[in-house]
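Notes for the one structure printed next.
The values are calculated or read from the model by the stated rules, or taken from the named source; none is laboratory data. Since the structure is predicted, the reported quantities are computational estimates derived from the model, not experimental observations. Cβ placement follows ideal geometry from the backbone for every residue including glycine, while neighbour counts extend to all protein chains displayed. Keep in mind that these areas ignore ligands, DNA and RNA; they rest on the heavy atoms of the full protein, side chains included. Shrake-Rupley method; radii C 1.70, N 1.55, O 1.52, S 1.80 Å.
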Amino acid sequence: MTRRPTDRTLRRWLRSGRPARVARLIDVHPGVVARLEAMSRLDDETAQTLGEAVAPSEDFAERTGGAVATRLDAYRALGLVGDLLGVGWRTGQLLLWDTSGARPDEDPPPVDEDHDPGGG
Amino acid sequence: MDQYGALIYRVAVSVVQDPGLAEDVVQEVLVKAWTSMPSWQGDVPVRWLRRVARNEAISVVRRRRRLGGPAGLESRASGEPDVERLVEGRGEVRALREALGELDDVARTLLVLRETEGLSYEDLADVVGLTPSAVRARLYRARQALKGRLGGWDR
């Protein structure tokens, strides 16, 4: 069990680039979390200013939503073109190849040699 | 869009540090979300969106670096800020953006998502790929660094 560090020690570790050591302490001493929270909490004004600093512009939703809708329309149109090309390909197959379903490169059906067409 | 757009934007802007690029990331993520919806099975959509938003934003920054352009944080630090936003912004907002720009992108993402979206440590860990304990330590350090840059460090 490690000795519980003082607030001053914790602060020094946090400032001197040893967060991994603090992370290990957090696992060992749950109370450290609350102390760190109290030491580092941003005041309400700073937190609010931070919110403003990273907020999107007022017309963001409208502008970005419109751009996304346009791109999705293009994506769907591309899918439709793909579907149409697929239909064309299948139609070509039906028109050019044997309608029995056999492809041109397949062997012809076997001939029944015992069968006598003349009846003799 | 109404439900998740602002969240994705905040994740993106915390990485790319440029409103225009962040909006591009939002578009990419939403289109990706729509076209790959079947792959969501077994995952919570909002978690999927947060992760994809951060990954997409990191890709954008890398692409800009490869092309030799300013990459988010560096653009702010090297005196090439988003002029329009800075002029519009209040002095406090401007100062905070500059202070945020001096943090690394993980610290920014943690701060932004914790303070504006109220994400739990576990959810933050899922977004940035750290353990919850590491997130706590990084978050506290990020807050202190921000306060220090804003002149409010309690020594």
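General observations
- Taking a Cβ cut-off of under 14 Å around B:PRO132, the surrounding Lys, Arg, Asp and Glu residues balance to a net charge of -1, with basic ones at +1 and acidic ones at -1.
- Using a 1.4 Å probe over protein heavy atoms, the accessible area lost on pairing A with B, summed over both chains, comes to approximately 3700 Å².
- Sorting A:THR49, A:THR91 on solvent-accessible area from highest to lowest, probe radius 1.4 Å, gives A:THR91, A:THR49.
- Karplus (6.51, -1.76, 1.60) ³J(HN,Hα), θ = phi - 60°, over region A:4-11, in Hz, Gly and Pro reported as x: 6, x, 6, 4, 5, 5, 4, 4
- Take each residue in A:28-36, count the other chain C-beta atoms within 10 Å of its C-beta, and the mean is 2.
- The heavy atoms of B:TRP34 offer some 130 square angstrom of accessible surface to a 1.4 angstrom probe.
- Karplus-based coupling profile of region A:78-89, in residue order and whole Hz: 4, x, 5, 4, x, 4, 5, 4, x, 5, x, 4, with θ = phi - 60° in 6.51 cos²θ - 1.76 cosθ + 1.60 and x standing for Gly or Pro.
- Residue-count net charge about A:GLU52 - beta-carbon cut-off 10 Å; Lys, Arg +1, Asp, Glu -1: +1
- Shielding of peptide B:3-13 by partners, expressed as the average count of other chain Cβ atoms within 10 Å per residue Cβ, is 3.
- Residue (of A:GLN93, A:GLY65, A:TYR75) at the positive-pole extreme of region A:58-104, dipole from beta-carbon charges: A:GLN93
- Between A:SER57 and A:HIS29, the FRET efficiency from the beta-carbon distance, with R0 = 25 Å, is close to 0.05.
- Cβ-derived FRET efficiency at R0 25 Å, B:GLU122 paired with B:ARG62, nearest 0.05: 0.35
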